[in-house]
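The values are calculated or read from the model by the stated rules, or taken from the named source; none is laboratory data. Small disclaimer: the values here were computed from a predicted structure and weren't measured. Positions of Cβ are backbone-derived with ideal geometry, glycine not excepted, and every protein chain shown enters the neighbour counts. All accessible areas refer to the heavy atoms of the entire protein, side chains included, with ligands and DNA or RNA removed. Shrake-Rupley method; radii C 1.70, N 1.55, O 1.52, S 1.80 Å.
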Amino acid sequence: MSQYLNSGHWADQTAEKILREKGEKETYVCASGITPSGTVHIGNFREIISVDLVVRALRDRGKKVRFIYSWDDYDVFRKVPLNMPRQEELAACLRMPITLVPDPAGKEENYARANEKIIEDLLPRVGIAPEYIYQSGEYGASRYASQIRLALEKKEAIRRILDAHRTAPLEEDWWPVSVFCTRCHRDTTSVLGCEDWEIQYRCSSCGAEETLDLRKTGAVKLPWRVDWPMRWKEEGVDFEPAGKDHHSEGGSFDTAVQVVEEIFGGAAPVSFKYDFVRIKGGKGKMSSSLGEALGLDEALEVYQPEVTRYLFAGTRPNTEFAISLDLDVLKVYEDYDRCERLYWASGETEKEKKKKEKEARIYELSQTGEIPSRMPYQIPIRHLCNLLQIFAGHGDRVIAFLGDVEEDQIPRLKERCRCAWNWITRFAPEEFCFSLRSPAAGIPEMSPPQAKALFLLHQTVKDRMAALGEKDFSTCLYDIAAQAGLESTELFSTVYRALILKDKGPRLVSFLYVLGREKVLELLSPWAASGLKGRDFS
Ligand SMILES: [Zn+2]
C-alpha cells in the first residue's frame, strides 16, 4: 500500500472523484477501448495507461476493480491504411466488419486480430493486464439483443438527442442500427422496418432482402454514438476517459451521456479528456491511418518499460506532450533517474518531503510490478551510452566492467542497455556516436607536432596512468600540449582522431580511464615507436 496517496497525483484525484460520485461499490468498472483498424500507436496507448493508472489508484485504496478493454472489432472497415501491404485485397473488404478482413501479413486469423495481438502481447511488458472484451464476439452472440430492441423502440428519442448537436438533421429514413448483410457481409443495407424482435433489411450490394430475429442474429449493430452509452449501461462502467475529439462540445461523449440516461436508464461514467501525443520531429496528431505513427513496440525499443510509464504518469492527461527520439531521450532518462533517487532518499526537510511525495508517487506508478526492494543500479545515461559504444553494444560486458552491479539489479540494467544501444544505433545524432578505431580502419595521418603529442601521451599512459588520478592526469594533458607545441583544443582533437577517428568524443580524461591503460596503449601504439625518432619532431 502506498504512503503517497495524498500527493495530489491526477490518478489519485480521479480515483477519489470516482469514489465520491459512484459511492460505495463492491467492484468498480474502469473501461477503455479502441477500434483495431490499424496499428495501435502510442497516442492510443495514452488511453490504456491512463485507465491503468486510475485502476492502480483505486486498488491502492483497497478497492476491487474490473479493468475492461473493449476491442471494437465489429466496426466496419472504412479505409485501407496507407502503411499496409496488399492494398487491393484489403480494398475488396471495405464495408465489411474488420474481423472479416484478412491479416495482410497472413499470420493472424484476421486483420483486427493482428492489430489486437500486437498490443495484447506488449501490455504485460509495461505492467498492464486488462480483461479483454471482443465486441465482434458480443454482437455475434446476440448479447445486446434487448438493448438493440430498446434503441429501435426509442428511435425518435435518440434522433432528437443526436439532431440537437448536428448542423444538418439525420435523414428521414435513419435508423439507430446498421445491419451487416448476411449474404455479402457488407453494411450496405437499408432497414425496411422492425417489430418486436424482428428487423427487415435490403442490401444494395447483393440485393438480399431478409428478416432477422435480434435474439438469434449477430448482424445488427448499434452505431458508435448509441453503442458507447449502451455499453456503459451493460457493463456498469464507472470510469472511462476519452480523447479530446470525443470530448469536444456536442461530441460523442456529450450525446452518450444523454443517451445512457434517457434511453438505457443508466448513468455516465466519470471521465476526463486526454490530449494527443506527438513524436518529436514528427508532424501533428498521430493517427493510426498514417504510416508515420509510432507504435508502442517502437517506443519500447528506446524507452525501458518503467520510463515509458513514467512519461505518461508524470504528465497530466489533458496536456499534449511529445515523445522524443532525439537527444531529449537522454533527458527523459535523467529525469526518471532523479525521480528514482528522490524516492529512495531518506532524511529530508519539510519542503523536500512535499516535493518528494509528488515524485515518489509518480515513481510508484511508473513501476511495472512490485517496487524493487532496494534502489535499482544507477548509472548516468550518457556514461552508459559511452560504455556501450566502447564495448560495441555488449551490455553483459558493460555490467562486468562496472563490477558492482548486484544480481537482482542486473535484469533492469540489461534492459536499459538494450534500449540505450537501440537509441545509439538508430536515433542518436551523429556527433553522439563513436566506435573505437579498429586496426582495419588504418592509421590516421598526423602532423609532426601531433605525432609528438601522441607519443608523449603514450609514454604518460604507460608510466603514470595507474598512479595518477583523473584530475592530475588532466594537468598532464595540458603539459603534453605545451611540449608538443599544440593548442589544447588541437591536442584533444588529435587524441580523439587516434582513438575513434573523430574530432570530438566523450569527455577525454574519463574516457581514457574507462578505456583503461591497456586499451589506450593499444590504440596509441602506432605513435609509440615515433619516440625513437624524437629529434624529428622539432
Ligand atoms: Zn449483401
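Conditions tested, residue by residue: (1) surrounded by fewer than 17 Cβ atoms within 10 Å (Cβ to Cβ); (2) closer than 15 Å to Ala151 by Cα; (3) not polar (S, T, N, Q).
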| site | (1), (2), (3) |
| --- | --- |
| Arg186 | no, no, yes |
| Thr189 | no, no, no |
| Ile199 | no, yes, yes |
| Arg202 | yes, no, yes |
| Cys206 | yes, no, yes |
| Gly218 | no, no, yes |
| Trp224 | yes, yes, yes |
Scope the range 423-439; condition open to solvent by 40 Å² or more (accessible area, probe 1.4 Å), assigned to a loop (DSSP other than H, G, I, E, B) and of a type outside the set (Phe, Trp, Tyr); matching residues: Ser435, Ser438
Leading residue by the ranking (surrounded by the most Cβ atoms within 10 Å (Cβ to Cβ)) among those in the range 295-305 that are outside any helix (DSSP H, G or I) and touching a Cys at 6+ places or on another chain (Cβ under 8 Å): Tyr303
Failed item, numbered, when Gln13 is tested on (1) more than 21 Å from Glu357 (Cα to Cα); (2) without any contact (Cβ under 8 Å) to a residue 40 or more places away in the chain; (3) surrounded by fewer than 20 Cβ atoms within 10 Å (Cβ to Cβ): (1)
Residue list for the range 18-37, restricted to those being closer than 15 Å to Arg61 by Cα and either surrounded by fewer than 15 Cβ atoms within 10 Å (Cβ to Cβ) or hydroxyl-bearing (Ser, Thr, Tyr) (or both): Arg20, Gly23, Glu24, Lys25, Glu26, Thr27, Tyr28
Boolean, Ile480 is at pLDDT 95 or above, farther than 16 Å from Gln389 by Cα and either in the same structural domain as Lys452 (by TED's automatic domain parsing) or buried (at least 18 other Cβ atoms within 10 Å of the Cβ) (or both): yes
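Residue-wise test of (1) in contact (Cβ under 8 Å) with a residue 60 or more places away in the chain; (2) over 23 Å from Ser190 (Cβ atoms); (3) open to solvent by less than 60 Å² (accessible area, probe 1.4 Å); (4) touching a Lys or Arg at 6+ places or on another chain (Cβ under 7 Å).
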site	(1), (2), (3), (4)
Met84	no, yes, yes, no
Leu100	yes, no, no, no
Ala129	yes, yes, no, no
Ala145	yes, no, yes, yes
Ala151	yes, no, yes, no
Selection status of Arg66, more than 19 Å from the chain's Cα centre (by Cα), at pLDDT below 95 and surrounded by fewer than 18 Cβ atoms within 10 Å (Cβ to Cβ): no
One residue from Glu153, Glu116 being out of contact with any Pro (no Cβ under 6 Å at 6 or more places or on another chain) and among the charged types (D, E, K, R): Glu153
Subset of the range 403-414 (residues that are part of a helix (DSSP H, G or I) and loosely packed, with under 14 Cβ neighbours inside 10 Å): Glu407, Asp408, Pro411
Residue match in the range 415-422 (condition: assigned to a loop (DSSP other than H, G, I, E, B), surrounded by fewer than 19 Cβ atoms within 10 Å (Cβ to Cβ) and not assigned by TED's automatic domain parsing to the domain that holds Lys519): no
Any hit, the range 40-50, residues being in contact (Cβ under 8 Å) with a residue 40 or more places away in the chain and part of a loop (DSSP other than H, G, I, E, B): yes
Looking only at the range 348-375, and only at residues there that are assigned to a loop (DSSP other than H, G, I, E, B) and not hydroxyl-bearing (Ser, Thr, Tyr), the one that is least open to solvent (accessible area, probe 1.4 Å): Gln367
Failed criterion for Arg95 (all others in (1) out of contact with any His (no Cβ under 9 Å at 6 or more places or on another chain); (2) open to solvent by 20 Å² or more (accessible area, probe 1.4 Å); (3) farther than 15 Å from Ala114 by Cβ hold): (1)
Selection within the range 322-347 - among the small types (Gly, Ala, Ser) and not in a loop (DSSP other than H, G, I, E, B): Ala322
Residue list for the range 491-512, filter: in a helix (DSSP H, G or I) and of a type in the set (Lys, Arg): Arg497
Hey, Glu292 modelled with pLDDT under 95, open to solvent by 30 Å² or more (accessible area, probe 1.4 Å), more than 30 Å from Leu515 (Cα to Cα) and assigned to a helix (DSSP H, G or I) or not: no
Matching residues, the range 78-99, being in a loop (DSSP other than H, G, I, E, B) and either among the β-branched types (Val, Ile, Thr) or over 18 Å from Asn44 (Cβ atoms) (or both): Val80, Pro85, Arg86, Ala92, Cys93, Leu94, Arg95, Met96
Filter result for Thr308 (modelled with pLDDT of 90 or more, surrounded by fewer than 17 Cβ atoms within 10 Å (Cβ to Cβ) and hydroxyl-bearing (Ser, Thr, Tyr)): no
